[in-house]
């Protein structure tokens with residue numbers, strides 16, 4: 001049975017499930033008179049079929065159903081609808097059972113026979129709780145809508161400035177240089193620039209300058225003509241040509257060999273190139289964006305990066321802040337990654353306890369936003385609960401300290417020293433496996449290798465493990 005009532009203050013859906021038809025009929029009549037939209041079932045199978053289609057906001061459920069345990073049924077309902085408030089009723093009540101049922105997710109527990117006013121009071125509490133939750137969700141959605149730009153999330157002053165910069169220059173075809181630590185979202189900025197430009201319907205092609213040996217970079221970028229070298233049995237189009245009309249993103253630009261920097265500078269100047277082994281100039285209509293996590297000024301001074309190439313790219317410079325300098329964005333990022341991960345895992349979105357976010361807010365995040373995303377993924381992969389708590393975080397984060405970075409015998413006032421200690425500890429815990437270490441840290445394997453080399457952490461390891 002279904003009743004649609006005209007009580008404007010209450011738009012929630014109610015359901016009563018009890019194997020005693022008389023109890024169902026009586027409770028439905030009471031709720032109808034109170035202006036509730038309510039359904040009643042004495043058949044558990046039919047009730048569950050309805051819940052799968054249209055889950056109720058408030059479910060009044062008998063604990064002792066025929067052939068079914070009401071607490072087990074409640075847990076099935078919460079799997080389908082985590083935010084349904086379940087009020088359990090039973091004629092075999094005990095304090096111990098009530099406490100246990102509440103721990104397992106019941107909103108409240110009533111012993112038969114109960115007074116109708118007592119039930120109304122519990123329903124009022126459940127309604128207020130749900131309406132408060134709805135309001136919280138609306139506020140969060142409004143906040144997130146006002147605190148995002150494409151896939152980037154943030155309400156801090158540095159991020160709002162970056163959003164404004166992207167808005168200002170997206171429509172222009174100027175080259176852009178993006179600087180920031182690993183994991184800060186440099187490629188997201190590049191993609192946002194592309195997606196808000198006139199080139200958005202054309203290719204966006206990313207090229208990692210540190211991922212190829214020097215002799216292969218030209219072939220990857222420019223392609224080759226048939227017969228250009230041994231094994232070149234067909235003509236191959238390079239990355240630049242495949243991106244014509246669109247945007248090319250040079251990630252880790254400072255890893256590009258000097259010999260290739262000269263060739264790239266010529267391409268930028270002439271907007272044309274030759275395939276390897278070719279004689280015909282091919283024109284280019286592309287936007288160029290580059291990114292680096294290195295100190296380009298020092299590299300230019302050391303002669304390992306061309307100053308003229310840097311200035312060609314740095315028509316506009318976007319500096320991304322590390323996550324530790326915008327910790328106010330962590331709650332927003334947490335909610336974003338929890339929703340994203342829940343969708344990827346095919347699971348309901350869990351509630352996030354304040355202690356979960358507070359612990360993360362005190363962590364320095366050497367791997368920045370990428371590391372935060374991996375931490376959320378790990379927590380959700382291991383947790384089966386409806387709420388993420390501090391206990392779901394990795395053990396070295398669960399006390400809300402940076403102890404994993406601190407070794408008393410060393411100078412921990414230096415961020416570089418902290419980073420070295422952290423990387424080495426993860427590297428050791430993974431058995432000096434670089435692929436696994438890079439995954440845990442949320443950085444690329446190339447970036448990890450550079451860090452290990454810079455910190456002198458490669459020499460004592462077995463070369464086969466590098």
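Values quoted throughout were computed directly from the atomic coordinates according to the rules given, and no laboratory measurement underlies them. Owing to the predicted nature of the structure, the values given are computational and were not obtained by experimental measurement. Cβ atoms come from the backbone with ideal geometry, glycine included; neighbour counts cover every protein chain shown.
At a Förster radius of 51 Å, what calculated FRET efficiency corresponds to the Cβ-Cβ distance of residue 213 and residue 102, to the nearest 0.05?
Working: r = 62 Å, r/R0 = 1.22.
Using R0 = 51 Å, I get an efficiency of 0.25.
I need the semi-axes of the equivalent ellipsoid of region 296-355: take the C-alpha gyration tensor, multiply each eigenvalue by 5, square-root it, list largest first in whole angstrom. Intermediate values should be presented prior to the final figure.
Values: eigenvalues 335, 41, 20 Å².
Values for region 296-355, descending: 41, 14, 10 Å.
May I ask you to give the average projected area over all directions of the convex hull of the Cα atoms of region 30-90, in nm² rounded to one decimal? Intermediate values should be presented prior to the final figure.
Details: hull surface 16.5 nm².
Projected over every direction and averaged, the Cα hull of region 30-90 covers 4.1 nm².
Give the relative contact order (percent, whole number) for the chain; include only Cα pairs under 8 Å separated by 6+ residues. List each step's numbers first, then the result.
Working: 700 pairs, mean separation 50.7, N = 466.
Relative contact order here is 11 percent.
How tilted is helix 445-454 with respect to the longest principal axis of the chain? Cα atoms for both, answer in degrees (0 to 90, nearest 10).
Tilt relative to the chain: about 60 degrees.
If you stretched the chain out fully between residue 319 and residue 116, how much longer would it get, using 0.36 nm times the residue separation minus the C-alpha to C-alpha distance? Could you put the intermediate results ahead of the total?
On the way: separation 203, 0.36 × 203 = 73.08 nm, distance 6.29 nm.
Gain in length upon complete extension: 66.8 nm.
Give the angle, between 0 and 90 degrees and rounded to the nearest 10, that separates the Cα long axis of helix 157-169 from the longest principal axis of the Cα atoms of the chain.
Between the helix axis and the principal axis of the chain, the angle is about 60 degrees.
Please report, in Å, the Rg and the Dmax of region 150-321, where both are computed over Cα atoms only.
16.4, 55
Please report, in whole Å, how far the alpha carbons of region 255-398 spread along each principal axis, starting with the longest.
64, 35, 23
May I ask you to compute the full-extension gain from residue 29 to residue 449, defined as 0.36 nm times their residue separation minus their alpha-carbon distance, rounded to one decimal in nm? Before the final figure, lay out each step's value.
Values: separation 420, 0.36 × 420 = 151.20 nm, distance 7.01 nm.
This chain segment gains 144.2 nm when fully extended.
Classify region 23-129: rounded, prolate or oblate, from the alpha-carbon gyration tensor (a ≥ b ≥ c, eigenvalue square roots; a/c under 1.5 rounded; otherwise prolate if a/b is larger than b/c)?
Values: a/c = 1.25, a/b = 1.02, b/c = 1.23.
Taking the square roots of the gyration eigenvalues as a ≥ b ≥ c, region 23-129 is rounded.
For the chain, how big is the tail of P(r) above 41 Å, as a whole percent of Cα pairs?
Values: 42903 of 108345 pairs.
Roughly 40 percent, rounded to a whole number.
Treat each spin label as a single point 7 Å out from the Cα along the C-beta direction, and report the residue 301 to residue 54 distance in nm.
With each label point 7 Å from Cα toward Cβ, the separation is 7.1 nm.
Work out, in µm²/s and without decimals, the Stokes-Einstein translational diffusion coefficient of region 210-293 at 10 °C, 1.306 mPa s, Rh from Kirkwood over C-alpha pairs.
Numbers: Rh = 13.2 Å.
D, rounded to a whole number, is 120 µm²/s.
Angle, helix 116-145 long axis vs. longest principal axis of the chain, Cα atoms, 0 to 90°, nearest 10?
That helix lies at roughly 10 degrees to the long axis.
Can you pull the one-decimal nm distance between simple spin-label points at residue 134 and residue 355, each 7 Å off the Cα toward Cβ?
Rounded to a tenth, the inter-label distance reads 3.1 nm.
Between residue 340 and residue 22, what's the calculated FRET efficiency when r is the beta-carbon distance and R0 is 56 Å? Round to 0.05.
0.75
Given only helices, namely DSSP H runs of n ≥ 4 each adding -39500 (n - 2.57), what is the per-residue ellipticity at 222 nm of the chain, to the nearest 500 deg cm²/dmol?
For the chain, the value works out to -13500 deg cm²/dmol.
Can you compute the modelled spin-label distance between residue 362 and residue 281, with each label point 7 Å from Cα toward Cβ, in nm?
6.3 nm
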